[in-house]
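A.B. asks: One structure is given below, represented as C-alpha cells, and several questions about it will come after.
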Amino acid sequence: MSVPKIIHYCWFGGNPKPKLAEKCIKSWKKFCPDYQIIEWNEENFDVSAAPEYVCQAYAAKRWAFVTDYVRLKAMTEMGGIYMDTDVELVKPLTPFLAHDAFAGFETDASVQTGLLACCPGFPLFQEFLQHYDSASFVKPDGTHDVTTNVSVLTSLCREHGLVPNGKFQVVDGFAVYPKEVFCPVDFDTEQLHRTRKTVAIHWFASSWKTEEERRLLEAERARLHYEKVSAARYAFFTKLLGEKTYHKLKALFLKR
C-alpha cells in the first residue's frame, strides 16, 4: 500500500503563523501541487475527545505535545505525510510514496518526527499512537512529562530492529533515510549540510515554543551531542582495542 497525496500539519493555539511557516507551506504547494493539504486545529479536531495526555497538554498550552498525538491520529486514519511548519521542501516527495511509511534520521542515533509519512493503518505508527493512550502529560508531582516524540519513536524503532547508524534501512515497512535527505540541518550546531540528495530541510525553529520548550530543545541538543560523542568514542576504542577488550576495560573502570 502506498502513501496517499495528503499533507498534514498542526496549528493549535490560534497564534499568527510566523514568516518561516508561511514560507515552508508555500514550498509544499510548489513541490506537491496536486496534494491535499490539511491544517489540524481546534476547529476540526476535538481535543476533549482525545486521550488524557492530549487534554492535559492542551490545558497547559503546550501545543507541541498536542501535535505529537494529532499527527499520528491523522496519519494512521487517513494516511499521508505530516510536516512541522518549519520543514521546507526543496524537491518533490512523490518518489517516496511507494513506501508503506518513510522518514529520516535526525541524528545517526535518532529518527526524526518533523517529517513522517505512512499509508492508512500502518502498524508501527499505530503502536506509536498507542503510547499516548496510556500516557499522562502531568506527572504525579505536578510537573510535565516533556519526553520528546523523537525519543519515543526512536526507542520503538530500536525495539523493531532499527540500527542507529544513520544509514538507509527499512524497519517493518518503515523506510528510514540518511539525514541528508530530510534533515540536513545538524540539530546540535544548527549548520546546514545540504547535498544533491536533499529533499526537505527541517530548520528547527523554536519561535512558537514556550520558554520551557526552548529549554527542552537545548537539553535535547545537549543529549544528542553526548550520544554523538559517545558513539564516536565507542567506535574509536572498539576499533583500536577490539570489542571484548573495550568492555573488559570499561567494566574495570566502573568498579573503581
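A.B. asks: I'm trying to understand the selection: among the residues of the range 181-202, which are crowded, with 17+ Cβ neighbours inside 10 Å, touching a Phe, Trp or Tyr at 6+ places or on another chain (Cβ under 9 Å) and not aliphatic (A, V, I, L, M)?
C.D. replies: PHE182, CYS183, PHE187, THR198, HIS202 - these are the residues of the range 181-202 that are crowded, with 17+ Cβ neighbours inside 10 Å, touching a Phe, Trp or Tyr at 6+ places or on another chain (Cβ under 9 Å) and not aliphatic (A, V, I, L, M).
A.B. asks: State all residues of the range 84-95 that are more than 30 Å from THR143 (Cβ to Cβ) and crowded, with 22+ Cβ neighbours inside 10 Å; if no residue qualifies, say none. Before the answer, list the steps.
C.D. replies: Taking the range 84-95 as the starting set, the residues that turn out to be more than 30 Å from THR143 (Cβ to Cβ) are 88-95.
Answer for the range 84-95, where residues must be more than 30 Å from THR143 (Cβ to Cβ) and crowded, with 22+ Cβ neighbours inside 10 Å: LEU89, LEU93.
A.B. asks: Every residue in the range 143-168 that is within 17 Å of the chain's Cα centre (by Cα) and at positive phi, please.
C.D. replies: GLY166
A.B. asks: Hey, does the range 4-23 have a residue that's surrounded by fewer than 16 Cβ atoms within 10 Å (Cβ to Cβ), of a type in the set (S, T, N, Q) and at pLDDT 95 or above?
C.D. replies: No, because not a single residue in the range 4-23 is surrounded by fewer than 16 Cβ atoms within 10 Å (Cβ to Cβ), of a type in the set (S, T, N, Q) and at pLDDT 95 or above.
A.B. asks: Could you tell me which numbered condition SER110 fails, if it satisfies all but one of (1) under 24 Å from VAL47 (Cβ atoms); (2) touching a residue at least 60 places away in the same chain (Cβ under 8 Å); (3) crowded, with 23+ Cβ neighbours inside 10 Å?
C.D. replies: That leaves (1) as the condition not met.
A.B. asks: Output the residues belonging to the range 58-78 that are of a type outside the set (Phe, Trp, Tyr), more than 18 Å from the chain's Cα centre (by Cα) and either crowded, with 16+ Cβ neighbours inside 10 Å or not in a loop (DSSP other than H, G, I, E, B) (or both). Steps first, answer last, please.
C.D. replies: Going residue by residue through the range 58-78, those that are of a type outside the set (Phe, Trp, Tyr) are 59-62, 64, 66-68, 70-78.
Then keep just the ones that are more than 18 Å from the chain's Cα centre (by Cα); that gives 59-61, 77-78.
Answer for the range 58-78, where residues must be of a type outside the set (Phe, Trp, Tyr), more than 18 Å from the chain's Cα centre (by Cα) and either crowded, with 16+ Cβ neighbours inside 10 Å or not in a loop (DSSP other than H, G, I, E, B) (or both): ALA59, GLU77, MET78.
A.B. asks: To continue, here is another question. Pull up the range 184-229, narrow it to residues that are among the basic types (Lys, Arg) and under 26 Å from LEU93 (Cβ atoms), then point me to the one that is modelled with the lowest pLDDT.
C.D. replies: As a first pass, look at the range 184-229 and keep what is among the basic types (Lys, Arg): 194, 196-197, 209, 214-215, 221, 223, 228.
Now drop any that are not under 26 Å from LEU93 (Cβ atoms), which leaves 194, 196-197, 209.
On the way: ARG194: 96, ARG196: 97, LYS197: 98, LYS209: 56.
So the residue we want is LYS209.
A.B. asks: Right, another one. Considering (1) of a type in the set (Gly, Ala, Ser); (2) closer than 23 Å to ALA60 by Cα; (3) under 17 Å from the mean Cα position of the chain (by Cα), say which one ALA109 fails and leave the rest.
C.D. replies: ALA109 satisfies all of (1) of a type in the set (Gly, Ala, Ser); (2) closer than 23 Å to ALA60 by Cα; (3) under 17 Å from the mean Cα position of the chain (by Cα) except (2).
A.B. asks: Here is a follow-up. If you scan the range 158-191, which residues turn out to be out of contact with any Ser or Thr (no Cβ under 9 Å at 6 or more places or on another chain) and hydrophobic (A, V, I, L, M, F, W, C)? First the steps, then the outcome.
C.D. replies: Filtering the range 158-191 down to residues out of contact with any Ser or Thr (no Cβ under 9 Å at 6 or more places or on another chain) leaves 158-161, 163, 165, 167-178, 185, 189-191.
Those that are out of contact with any Ser or Thr (no Cβ under 9 Å at 6 or more places or on another chain) and hydrophobic (A, V, I, L, M, F, W, C): VAL163, PHE168, VAL170, VAL171, PHE174, ALA175, VAL176, VAL185.
A.B. asks: Looking at the range 1-51, which of its residues are under 20 Å from the mean Cα position of the chain (by Cα), within 18 Å of ALA64 (Cβ to Cβ), part of a loop (DSSP other than H, G, I, E, B) and touching a residue at least 60 places away in the same chain (Cβ under 8 Å)?
C.D. replies: Within the range 1-51, TRP11 is the sole residue that qualifies.
The values are calculated or read from the model by the stated rules, or taken from the named source; none is laboratory data. Note that the coordinates shown come from a computational prediction; the quantities given were computed from them, not determined experimentally. Neighbour counts run over all protein chains shown; Cβ positions are idealised from the backbone, glycine included.
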